[in-house]
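Here's the structure we're looking at; comments come further down.
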Amino acid sequence: MERPPETGNTRGRHARADEPAPQLPTSAKEMNPVSRKLIIARYISQTIWALLIAGSFLAAQLSLGGWWWVGAAVTGAWFVFQAIMIPLRVQNTGWLETDNELLISKGKINQTFTVVPYGRIQFVDVTTGPFTRPLGLKSVSLHTASASTDATIPGLAAADADALRERLAVGARERMSGL
């Protein structure tokens, strides 16, 4: 059997020179979305923090006088900004499993597109918090040898998160067995 000629292609060691590289989606609109319930969880969290911080500034204003009200006003403006951005961030968060890697897209202002090869995954965490647990949501976090990897998919339905963890663990074991 004749081996195809080397062409110096950078598409991966398994790509053939006569085959085009597969097109990866580059936006969350082309991927699996996270649950819209994540918006509710983030609104609850942001509201609690805004009330605590603004309340602290207002308490200082009432007891000490001065310019403490400015802090409460800035906290209110930040809360309005967050109220606008939270749905946009959730809408722009998506994930997609391919044959060899997991793709994650996040962010509205600072957009991040992460590609995690299955063979690089060391372990997978599934977590939930006090605001996501009542809504039936979990987050899946992938850990690789790189300390800077931010491969977290927030806001997945609990059953979907558990199933994804299982598939990723199996994919990682299969790819790492050759090492």
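Please treat every number below as a calculation from the coordinates, not as lab data. These numbers were taken from a predicted model, which means no experiment stands behind them. Virtual Cβ from ideal backbone geometry, glycine too; neighbours counted across all protein chains shown.
Numbers for the structure displayed
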{"item": "Charge dipole of region 36-122 about the Cα centre (unit charges at C-beta), most positive-ward option of Q61, A41, N110", "result": "Q61"}
{"item": "Rough spin-label spacing in nm, given labels placed 7 Å along Cα→Cβ, for N110 and V126", "result": "3.0 nm"}
{"item": "Y43/V70 FRET efficiency (R0 30 Å; Cβ-Cβ; nearest 0.05)", "result": "0.75"}
{"item": "Under-5 Å amide H pairs with L102, H placed in peptide plane, nonlocal only", "result": "V116, Y118"}
{"item": "Förster-model FRET efficiency, 45 Å R0, R133 and N100, C-beta, rounded to 0.05", "result": "0.85"}
{"item": "Alpha-carbon centroids, region 62-134 and region 22-51: separation in whole Å", "result": "7 Å"}
{"item": "Region 12-155: relative contact order in percent, alpha carbon pairs under 8 Å with at least 6 residues between", "result": "24 percent"}
{"item": "Environment charge at V124 (Cβ cut-off 15 Å; Lys +1, Arg +1, Asp -1, Glu -1)", "result": "-2"}
{"item": "Inter-probe distance in nm under a simple model that places probes 7 Å from Cα toward Cβ, at L51 and K29", "result": "3.7 nm"}
{"item": "Computed magnitude of the charge dipole of region 89-164 (debye, nearest 20; Cβ of K, R +1, Cβ of D, E -1)", "result": "340 debye"}
